[in-house]
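Heads up: the structure comes next, in structure tokens.
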Amino acid sequence: MAGADMPPAEAPIAERDNTTVEKRHPVVDLKTKTEQLHEHREEEGYIVDVDSEEAAHEAGLKLAKDGHTRLIPQPSDDRHDPLNWSWAKKHAILFTISWTAFIPDYGSATGAAVLIAQAMEWNMTPDEVNHSQAGNVFMLGVGGVVAVMLSAYFGRLPVSFWFILLATATAAWCAGATSFESFMAARILNGFFSTIMQVVGLIFINDVFFFHEKARKINIWASFFVMSPYVGPLFSSFIVETKHWSVAFWVYFAMSALALGLITFGLQETYYDRTIPATEQPPSGSRGSRLVGVSQWKSRHLRNTIGQACWRTVQVVLKPTVFITCLFYILTFAWAVGINTTLALFLTPLYDFGPKQVGYFYFTPVVAVALAEAVGHFLFDFLAKGYIRRHKGHFEPEVRLYATFVAMPFVIVGLVLIGQCFERQWHFMVTSVCWGMYVFGMMITTVSLSSYCLDSYPEAAGEVSAWINFSRTLGGFIVSYEQVSWATAMGTKASFGIQAGICAASFLLVLGLLRWGKALRVWAGPLGFVTS
């Protein structure tokens, strides 16, 4: 499915008249557009395969190169339509959003690697310094929700630019902070602004790729930000071994500046209203005007009002399937953040590790994410193709959840064994493998849940991504405060065992979605957004 490429766009239309388009739309009835936003219906699912090329031609449908995969959504004949952009342009966007999504958790986890050095410099305990870490993690979730609201009104590109510009500035502030109070303020603000592509990235994927391509692209994008909290301590631990802790954050600043450069010079505005004829699309304006938002401001009457942009985010989380998915994610991913932000506090006394040894330890989750990305590259298409073949070309979003049957055994067993390793003082290589098992499972789970929510509500790509991201960070924020004290009070065998038990019990939510998810979506009805 995902390997099938789209056909080249048909003959491009003549260049638009940028001087008259805006006058054609002084007043727009946006409500009339709600039924045209996507081709998925709660009662019918997706019709992905067609019987023959002849039948598709008679129906006026465009197919992928394989001759039977229906392109969803159907691209227009406009060369400005993001679905008609070249493979190179689309994947340049995919790399930009993936790299930018890599940045926030890299920076967040860098804080975990420098905890002890900062505590010594500021005469504080590592647990007290860790409060800046928890604040940063929490704002990674809040910032995503706000960013999606702003994107629905101002457009994807300008919100991405301004958020990353401020994220880069606050990254420099983190590196230059000379007191804990200043550092904590910088970390909180940096978390809020840096998270943009961990959320809006899913909107870009939804805008430029077809339905049959999206799972693989989400797999690539998600691998960047799931891997990043492990790469951060890996590099930073080596830096702290010989350099001042601020050097680790100057590296983070440089990475943020690279993301800013990629967005400034390469990222495109991908919003395209498919309910407006190609000749009447709003003028794109110059590169600079699109980047800072001037062009999008001029055409704001064609999109959501501020009130609509805010309300749609609330609407999405009120959908039962989205809420249940987010609850499941909170109960399973929280432990990943908790372990990552406190790992050095466990490893240092148990194995007498220094910063360099802790850094080496982070190779394991990096490899685990890479393996999960490779498995997911084939797993999601295997599940989708099998279902479509058995159901005569039809597809239901709940199929995406079957990947969790592969993931959850790794998650549950991994957590149980991590607790055993810490309490029974097993060899650090055993601990490493057990941690990798858990991370492997959570990578597959992340892609499964993101794909499910996107397929269920494709017009709400940003909103579902915002809530999934918020769930990930909310759970991590809570657990980061309690992980060490919980393990100290009960022992790691019991505390991690309870965490594994919570993951196992929460899997009942997925089973419920597989049984009643479609009925819940039909009962809840469509979102009825005025724009996608």
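Read the figures in this text as sums done on the coordinates, not as results from a lab. Since the model is a prediction, treat every value here as computed from it, not as a measurement. Cβ placement follows ideal geometry from the backbone for every residue including glycine, while neighbour counts extend to all protein chains displayed.
Normalising by residue count, the stretch 438-502 has a Cα convex hull of 83 Å³ per residue. Taking 22 Å as the straight-line reach from the Cα of K356, the lysines in range (excluding those fewer than 8 positions away in the same chain) are K243. The fewest-to-most ranking of T332, T321 by surrounding Cβ atoms within 10 Å reads T321, T332.
Does the stretch 262-333 come out rounded, prolate or oblate by the C-alpha gyration tensor, with a ≥ b ≥ c the root eigenvalues, rounded set by a/c under 1.5 and, if not, prolate when a/b is larger than b/c and oblate if not? It comes out prolate by the Cα gyration axes.
Measure out, as a whole number of angstrom, how far apart the alpha-carbon centroids of the stretch 451-528 and the stretch 254-314 sit. Their Cα centres are 31 Å away from one another. Each of the peptides 409-418, 137-146, 84-93 was scored by the mean count of other Cβ atoms within 10 Å over its residues; in descending order, highest first, they stand as 137-146, 409-418, 84-93. Evaluated over the Cα positions of the stretch 331-478, the convex hull gives a direction-averaged projected area, one quarter of its surface, of 9.5 nm².
Of the two radii for the chain, the radius of gyration is 0.98 times the Kirkwood radius, both from the alpha carbons; that is the Rg over Rh value. Calculation over all alpha carbon pairs of the stretch 466-532 in 10 angstrom steps from 0 returns a P(r) of 16, 30, 29, 17, 8, 1 percent. Dipole of the chain computed with +1 at Lys/Arg Cβ and -1 at Asp/Glu Cβ about the Cα centre; of N130, F210, W99, farthest Cα towards the positive end is N130. Note: relative contact order over the chain, using C-alpha pairs below 8 Å and six or more positions apart, is 24 percent.
Cross-link check: pairs K62/K385; K90/K385; K89/K319; K392/K518 evaluated at a Cα-Cα cut-off of 27 Å; pairs beyond the cut-off: K89/K319. Working from Cα positions, state the angle (0 to 90°, nearest 10) between the long axis of helix 180-194 and the longest principal axis of the chain. Helix 180-194 sits at roughly 30 degrees to that axis. Dipole magnitude for the chain: computed about the Cα centre from +1 point charges on Lys and Arg Cβ and -1 point charges on Asp and Glu Cβ, it is near 260 debye. Under a model in which nothing but the beta-carbon of Lys, Arg (+1) and Asp, Glu (-1) is charged, the stretch 145-275 shows a dipole of about 180 debye around its Cα centre. Working from Cα positions, state the angle (0 to 90°, nearest 10) between the long axis of helix 461-490 and the longest principal axis of the chain. Value to nearest ten degrees: 10.
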